[in-house]
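What follows is a set of notes on a single structure, which appears directly below.
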Amino acid sequence: MALVEIRNLVKIFPLGESIFGGGATSQVRAVDDVSLDISPGETLGLVGESGSGKSTLGRLALRLIEPTSGSIKFDGGDLLAAGAGEMRRLRRDMQIIFQDPFGSLDPRMRVEEIVSEPLIIHESLSLSVRRSRVAELLRTVGLDQSAGRRFPHEFSGGQRQRIGIARALALRPRFIVADEPVSALDVSVGAQIVNLLAQLQREFGLTYLFISHSMPVVRYLATRIAVMYRGKLVEVGPTLQITTQPSHPYTRTLLEATPEVVM
Ligand SMILES: Nc1ncnc2c1ncn2[C@@H]1O[C@H](COP(=O)(O)OP(=O)(O)O)[C@@H](O)[C@H]1O
Ligand SMILES: [Mg+2]
């Protein structure tokens, strides 16, 4: 059974009043009738050029935004029918890692506060248990324990991404949407983060929706690849098949546009 089952998902954003008058409002079909299964333990790579709807699909899959229509099941349950209490419980299982860890980490909070915030919200742990959980999380993502007392700006981009990952792992989630997690990093630093994500997947049995505009990065990590173009899913298949025998012309364009990068 799929961990995430997406059916006929549509997200339309209004673009406001048309400047050409007539009161007509334009709209964008950011996600246009997408159906997709994500299996437990797999890394589904989601590729497509900027503006193709990848982030919108990722946010919909976590119900961070509501779709215009369509359905989403998480672990067999109707995600869109879940009430507030049920959503709160489900939130623990579903996390997101962002492209820009600096933008998503509160600059006024110490790293230990950032990483322990989900624990404070969702679990009632004693201070000492929480502290040791934070230390363990920092160790898990390859950061020194002393990192806890420092602030985000004191870290490099790759280290900040590790902080974001530690925070995402705090509640021991099952499903993680990684939205361009290495796109803002140098290739070598990005490769270390990709390796960390692969290691964490083995260790914790995580399921990833890994979003990237870069075929080489996705090819390295993904079990299967889904290709988006203008809101639509144009192709899905095993990584080897998509990268060696793409059936859609747009996929071929993406493969040609991305030079071989050794990771
Ligand atoms: N909150 C929003 N309001 C209006 N339009 C949006 C919003 N979020 C995304 N869009 C539009 O939806 C389309 C898909 O965007 P996005 O999902 O961010 O693509 P990608 O992540 O592939 O770059 C784009 O045309 C974008 O401008
Ligand atoms: Mg995006």
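No value in this document is a laboratory result; all are computed from the given coordinates. Note that this is a predicted model, so its numbers are computed, not measured. Because the Cβ atoms are built from the backbone with ideal geometry, glycine has one as well, and the counts that use them run over all protein chains shown.
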As a percent rounded to 5, the proportion of antiparallel DSSP bridges among beta bridges in the chain is 55
For the chain, calculate the relative contact order in percent as a whole number, restricting contacts to Cα pairs under 8 Å that are 6 or more residues apart.
-> 25
Rounded tilt (10° steps) of 111-122 against the dominant C-alpha axis of the chain = 70
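Rounded, prolate or oblate: which one fits region 121-204, using the alpha carbon gyration tensor with axes a ≥ b ≥ c (rounded when a/c is under 1.5, else prolate when a/b beats b/c, else oblate)?
The shape class here is oblate.
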Taking Lys73 as the anchor, which aspartates and glutamates have their alpha carbon closer than 12 Å to its alpha carbon, excluding any fewer than eight residues away along the same chain?
-> Glu5, Asp37
What is the magnitude of the charge dipole of the chain about its Cα centre, with +1 placed on the Cβ of each Lys and Arg, -1 on the Cβ of each Asp and Glu, and no other charges, expressed in debye to the nearest 20?
-> 560
Dividing the mean separation of Cα pairs under 8 Å (6+ apart) by the residue count of region 102-172 yields a relative contact order in percent of 48
Counting other beta carbons within 10 Å of each Cβ, put Leu64, Leu44 in order, fewest first.
-> Leu64, Leu44
Work out the charge dipole of the chain with +1 on the Cβ of Lys and Arg and -1 on the Cβ of Asp and Glu about the Cα centre, then indicate which of His248, Ile121, Leu80 is farthest towards its positive end.
-> Ile121
